[in-house]
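Please read the structure below before turning to the comments.
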Number of protein chains: 4
Amino acid sequence: MVHSDVAVGLIGAGRIGTSHAQVIAERVPGARLLAVCDPRVEATRSLAARFGARAVTDPTELITHPDVEAVVIAASSTAHAELVTAAAAAGKAVFCEKPAAMSLAEADHSLAAVEAAGVPFQVGFNRRFGSDFRAARSVIAGGGIGTPQLLRSLTRDPGLANPGAVPPWTIFTQTLIHDFDTLNWFNSGSEPVEVYATADALVAPEYKAAGLLDTAVVLITYDNGARAVAEASFSASYGYDVRGEVFGSAGMVTAGDGRRTAMVLRDQHGLHQQTARGDVELMLDTYTAEFVEFVTAVREKREPSVTGRDARRALAVALACITSYQQHAPVAITDGGVPR
Amino acid sequence: MVHSDVAVGLIGAGRIGTSHAQVIAERVPGARLLAVCDPRVEATRSLAARFGARAVTDPTELITHPDVEAVVIAASSTAHAELVTAAAAAGKAVFCEKPAAMSLAEADHSLAAVEAAGVPFQVGFNRRFGSDFRAARSVIAGGGIGTPQLLRSLTRDPGLANPGAVPPWTIFTQTLIHDFDTLNWFNSGSEPVEVYATADALVAPEYKAAGLLDTAVVLITYDNGARAVAEASFSASYGYDVRGEVFGSAGMVTAGDGRRTAMVLRDQHGLHQQTARGDVELMLDTYTAEFVEFVTAVREKREPSVTGRDARRALAVALACITSYQQHAPVAITDGGVPR
Amino acid sequence: MVHSDVAVGLIGAGRIGTSHAQVIAERVPGARLLAVCDPRVEATRSLAARFGARAVTDPTELITHPDVEAVVIAASSTAHAELVTAAAAAGKAVFCEKPAAMSLAEADHSLAAVEAAGVPFQVGFNRRFGSDFRAARSVIAGGGIGTPQLLRSLTRDPGLANPGAVPPWTIFTQTLIHDFDTLNWFNSGSEPVEVYATADALVAPEYKAAGLLDTAVVLITYDNGARAVAEASFSASYGYDVRGEVFGSAGMVTAGDGRRTAMVLRDQHGLHQQTARGDVELMLDTYTAEFVEFVTAVREKREPSVTGRDARRALAVALACITSYQQHAPVAITDGGVPR
Amino acid sequence: MVHSDVAVGLIGAGRIGTSHAQVIAERVPGARLLAVCDPRVEATRSLAARFGARAVTDPTELITHPDVEAVVIAASSTAHAELVTAAAAAGKAVFCEKPAAMSLAEADHSLAAVEAAGVPFQVGFNRRFGSDFRAARSVIAGGGIGTPQLLRSLTRDPGLANPGAVPPWTIFTQTLIHDFDTLNWFNSGSEPVEVYATADALVAPEYKAAGLLDTAVVLITYDNGARAVAEASFSASYGYDVRGEVFGSAGMVTAGDGRRTAMVLRDQHGLHQQTARGDVELMLDTYTAEFVEFVTAVREKREPSVTGRDARRALAVALACITSYQQHAPVAITDGGVPR
């Protein structure tokens, strides 16, 4: 039996929106890119035309279009929560890039809308779909390393193209939020209870006064006693570097090696391997897998494996980091992630 | 601009045909699986239905169907050459699984048909599309290892499900032919001039009398003096293992590591990584890439990057191996691969 | 020309003293184990006899013996500083296991004695002599990774044989002190200015009330803005694990992989490598290299490459960790490492 | 109890003799370098002086010196067998560099002398003492890979300093003989029964007319059906490369990776590791381990773990290679390795 394809409306035609459009149109069986929406008219037309989709400028038009079954939100972060709420209210399945909200209140509001509508809602924590991260989680869940005690997750992005355009706290709410979710997921069953964050502008110090933080290290304590370190930098010269490590009472798993291929060259200078340069290059299969999960959940009318509650939990850590950085002190995460 | 999809007719609904159907239907942008043809009616219907294609039992019907632009041949090896000839004569682009022919005469006949028709013709030497093999070739072509002097290519298949059903010489004409093509490609610009082959039934010795050879080592001499070793076994307990190595005057490249993911587990027994178990698991991206090349060549009405002449060259090596095995002596490959 | 061997007197016949005795007697050219001193009479006799050395019970006798040119101190930590002072005062070259002192006042006192005597003084920060750590440092010093921005050093010890016998703060003053020195050395030219430490008893929680901390994570800020993470655990099931990582503006170096040999086994369960089980197994070459440096410095009458000042700097970090842990707050390291 | 050291007399002060002198004098507990003998007077004096040994010019004087318990032969290959015979006849334990003889008759003669004298006799197949090769053998012996079916051993030497000075057949009798022994050892319990050898002058073709072969590939068949490939080249630009691989019915082991240390550098050009440049650098621990075995065997008055019979078996393969190369045909190894 052949299903009819899930018709997807995409909001956001920027860098990541473009990647998502291609993945949905070309790599996800059972999905169809029906429409693309972005206020930038030309970019939208061009992207839509590339994949035979319609170009729309008004998100409400896209959300309420009767043929759109699922809405993928890759707009600017500040618009996420409101778009999630609107799409859910329209009865559409929703995929939203991280962060799903900018405050816990926003998160609670959109979560309530999703629950009221009973629609599938997935958040863009793509790292959960990387083959090595999944394998690591599977080993942990199977007891292969015993009880997690020390965790690590890091994101090193190859470039800071336009430091002046980076909103404050981006390193916590946009970048490290991936690591916070990864750590929460690796240490499932436990909750983060305290955060200590340090951050600086080491890559582009001239922008520090304007609020840019490009380097950060965060130490998280979980209620099972495990400690986790999350690290981020906006300037990895050697490529996109995403890694995880979980040490437990009976072993350790690691994920992420950043190699482009398994090819090895040896010459008079030694041994060499190529490294993946950008996130799309490193993670195309990962992006594909997250949309396969979304489309499958839409078809099966079930909750996706990464939920709005996961997004709220990671956001609570990110917000506590901001407070910790400002107070230069450890900060407790209480219910709802409100700093004590 | 959106192209209309290339309509593909697939001949062969066996194991590799099924994999190709899925790859073409789900992973290759710009391709559409229009029809599937196999004498096994039920299997054909089931496979066709899975991807919304038509089921056909007569290959001529499929080949001559006006909507079919490209024919993919994954039928039994003995039928390949005739089907290539028929599809080319019908003006269709052709993709044929290896071996493209069982004799040099057959190969010449179908090559002539392809040339007369001027249609794109690609042979299923998928290893050329593996990301690490491609990277290795690119380093060689760029002069990164100097002049190739010692080469190696191997295929270790995880299982010999039904030894009684394996046709004689399979290890040379079906398995090692991949390695012969890989070696020819790595050592481009040179021609194989001599072969020495040894083979045995070490995995299933009880079938040796019936002609089964399940383990083989071949030593090839090229006209630039380079020596190459090709190895195959039908029983790799640890998974599907495909590797290449080229040592030259200025360095060495290697490809293939057989790891399922980059995940590493350390426990009381040491360090562990998962290995890829089957060819489809190990090579799904590779299969996808070869069909992307084929569909692109069809659209661009050009010769694909791996041609019928490459198939003939690899076949000449395989046939010389049979002679070498029978004569227990090195065998020269003269023009056309006819043993001296 | 053959030098006469440097005659070494060893104080301490425990686990690490025994290892040092063997290394000095059998692996360090130009060294001779002359005497071993420990209050445990039988162990001392047995160890001395094994290597043809004399057994002594009084450290003063060993230190003042006219044939002893160099004193190696592997006694209990609380005795280190006093023994260093005494050996220096006797004009002997001194090698002291870490920590060289238990307080900054002690450290200053013994450092003054060493300076007054003008004798070579080396501290047992063996990690500086590991081939991979040395290579990493050499790359950093040569500018290969630009300016260090994010550092990591960790120690995971395979076992906690007798939790009840571990003195309080051991994880900071005995274990992580290696990591603090490594980080200081990797980030040479900068000074640690702030520490935030968290620690717990996750391996043997029943001993937490008695003061045992078996798991710790420390975040250090340097005056060049670099952030460093030091991690320790007393229970690595998979063997002795010592690693370092330095990420800078132009690249990253890593050291440490814990593999026993380069042998790789693949079987039906995947790929496997053996891991080094204990510190002596993992680091025998490292221990040898540190004593080669010591004996060379003694002969050349020069300061060894790792000094008492390095020991004091690492101790200041360890002591600040204790304060940070007690105050549950970041702690500044001011001149002399006295917490603000 | 302290043993008195085994007094070693070394014949040969060339490159490998110098390395052996250092290893024996500095790295092997329980060994003492008593005398060095070489016709080159100055080199001998200098080497002897460096380690406090006596310089001797007449090998008979060294062999018959009453204080010499063990003779290490690193003279030119053509003198090996006669020196072994003389040392054995003098009742001395003997270590001889490979090849232990240049013909099977020579080998038999010196073996008879060794057996008559009942002295320990070890041959310099150092690869057996590499930690990874030993671990691989141990896995094979423990059944970890089932029955060996496909084997590989290779030697790639970084440089051909003086092609004109390389005696004919060196690649078989001096270089590949290491690989032949390694393969025999990995496939213990089976005997090599046939050889096919191909070789060429690809590195220094201008010396081919003078008999130089600098590149060779050998295919060996064992009496258990296993096939083995041995490869050698005299010009590895990337360093000294020694590897082994054994594929069996239940798994595969590999040994050898040629990395200098575990340090990894990532920068804008990718990932890099240093490679070991020369045999002494790569194999210092291996050389040490082989002499530890020799000295232990001397003390324990037992046969070393690598024997004269092993040397004869490897030599038989090497000599069959010469015949195979000359006849351009496979050559059987009959009893004694005499080609049929």
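Of the residues making up the range B:202-210, not a single one is open to solvent by less than 20 Å² (accessible area, probe 1.4 Å), over 19 Å from the mean Cα position of the chain (by Cα) and at the interface with another protein chain (Cβ under 9 Å from one of its Cβ atoms). Looking only at residues in the range C:170-191 that are of a type outside the set (Val, Ile, Thr) and open to solvent by 10 Å² or more (accessible area, probe 1.4 Å), the one that is nearest to residue C:331 (Cα to Cα) is C:191.
Among the numbered conditions (1) open to solvent by 10 Å² or more (accessible area, probe 1.4 Å); (2) under 18 Å from the mean Cα position of the chain (by Cα), the only one that residue A:66 does not meet is (2). Given the condition surrounded by fewer than 15 Cβ atoms within 10 Å (Cβ to Cβ) and within 12 Å of chain C (Cβ to nearest Cβ), answer yes or no: does some residue in the range D:4-12 qualify? Yes, some residue in the range D:4-12 is surrounded by fewer than 15 Cβ atoms within 10 Å (Cβ to Cβ) and within 12 Å of chain C (Cβ to nearest Cβ). Taking the listed residues A:195, A:119, the one that is aliphatic (A, V, I, L, M), free of Cβ contacts under 8 Å to residues at least 60 places away in the same chain, more than 14 Å from chain B (Cβ to nearest Cβ) and in contact with a strand residue (DSSP E or B) (Cβ under 8 Å, 6 or more places away or on another chain) is A:119, with no other qualifying.
Listed conditions (1) surrounded by 24 or more Cβ atoms within 10 Å (Cβ to Cβ); (2) over 16 Å from the mean Cα position of the chain (by Cα) are all met by residue B:143, apart from (1). For residue C:29, the criteria (1) within 21 Å of residue D:26 (Cα to Cα); (2) modelled with pLDDT of 95 or more; (3) within 14 Å of chain D (Cβ to nearest Cβ) hold in every case but one, which is (2). Number of residues in the range B:31-59 that are out of contact with any Pro (no Cβ under 8 Å at 6 or more places or on another chain), among the β-branched types (Val, Ile, Thr) and either open to solvent by 50 Å² or more (accessible area, probe 1.4 Å) or closer than 19 Å to residue B:291 by Cα (or both): the value is 2.
Residues in the range B:211-225 that are more than 9 Å from chain D (Cβ to nearest Cβ) and surrounded by fewer than 22 Cβ atoms within 10 Å (Cβ to Cβ): 3 in all. Close contacts from the range C:243-269, counting a first residue that is closer than 30 Å to residue D:138 by Cα and more than 8 Å from chain D (Cβ to nearest Cβ) and a second that is among the aromatic types (Phe, Trp, Tyr) and crowded, with 20+ Cβ neighbours inside 10 Å, with Cβ to Cβ under 9 Å and a gap of 6+ residues or different chains, come to C:258/C:238; C:258/C:240; C:269/B:238.
Candidates are the residues of the range A:273-285 that are open to solvent by less than 30 Å² (accessible area, probe 1.4 Å) and either among the basic types (Lys, Arg) or at the interface with another protein chain (Cβ under 9 Å from one of its Cβ atoms) (or both); the one that is nearest to residue A:15 (Cα to Cα) is A:275.
Taking the conditions exactly as written (within 14 Å of chain A (Cβ to nearest Cβ) and part of a loop (DSSP other than H, G, I, E, B)), does residue B:159 satisfy them or not? When the stated conditions are applied, residue B:159 does not pass them. If you go through the range B:149-162 and pick out every residue that is open to solvent by less than 20 Å² (accessible area, probe 1.4 Å) and not small (Gly, Ala, Ser), you end up with 7. The range A:1-108 holds strands (runs of 3 or more DSSP E) entirely within its bounds, and those carrying 2 or more residues that are of a type in the set (Val, Ile, Thr) and under 25 Å from residue A:129 (Cα atoms) map to A:6-11, A:70-73. Taken over the range D:226-272, the criterion of being open to solvent by less than 10 Å² (accessible area, probe 1.4 Å), of a type in the set (Gly, Ala, Ser) and at pLDDT 95 or above is satisfied by D:226, D:228, D:230, D:232, D:233, D:244, D:248, D:251, D:255, D:270. State yes or no: is residue B:194 within 22 Å of residue B:104 (Cα to Cα) and not hydroxyl-bearing (Ser, Thr, Tyr)? Considered against the rule, which asks whether it is within 22 Å of residue B:104 (Cα to Cα) and not hydroxyl-bearing (Ser, Thr, Tyr), residue B:194 comes out as yes. Checking the structure you have, find out if any residue of the range D:127-143 is within 14 Å of chain C (Cβ to nearest Cβ), among the hydrophobic types (A, V, I, L, M, F, W, C), farther than 13 Å from residue D:234 by Cβ and outside any helix (DSSP H, G or I). No, that holds for no residue. Take the conditions (1) open to solvent by 70 Å² or more (accessible area, probe 1.4 Å); (2) of a type in the set (Val, Ile, Thr); (3) closer than 30 Å to residue B:45 by Cβ; residue A:28 misses just one of them, which is (1). Across the range D:286-323, the number of residues qualifying as outside any helix (DSSP H, G or I) and surrounded by fewer than 21 Cβ atoms within 10 Å (Cβ to Cβ) comes to 5.
Yes or no: residue D:101 open to solvent by less than 20 Å² (accessible area, probe 1.4 Å) and either under 25 Å from residue D:302 (Cβ atoms) or in contact with a Cys (Cβ under 7 Å, 6 or more places away or on another chain) (or both)? For residue D:101, the condition - open to solvent by less than 20 Å² (accessible area, probe 1.4 Å) and either under 25 Å from residue D:302 (Cβ atoms) or in contact with a Cys (Cβ under 7 Å, 6 or more places away or on another chain) (or both) - is met.
The values are calculated or read from the model by the stated rules, or taken from the named source; none is laboratory data. Predicted, not measured: the structure shown is a model, and the values here were computed from it. No Cβ is skipped: glycine too gets one built from the backbone with ideal geometry, and neighbour counts run over all protein chains shown. Please note that ligands, DNA and RNA were not included when accessible areas were found on the heavy atoms of the full protein model with its side chains. Shrake-Rupley method; radii C 1.70, N 1.55, O 1.52, S 1.80 Å.
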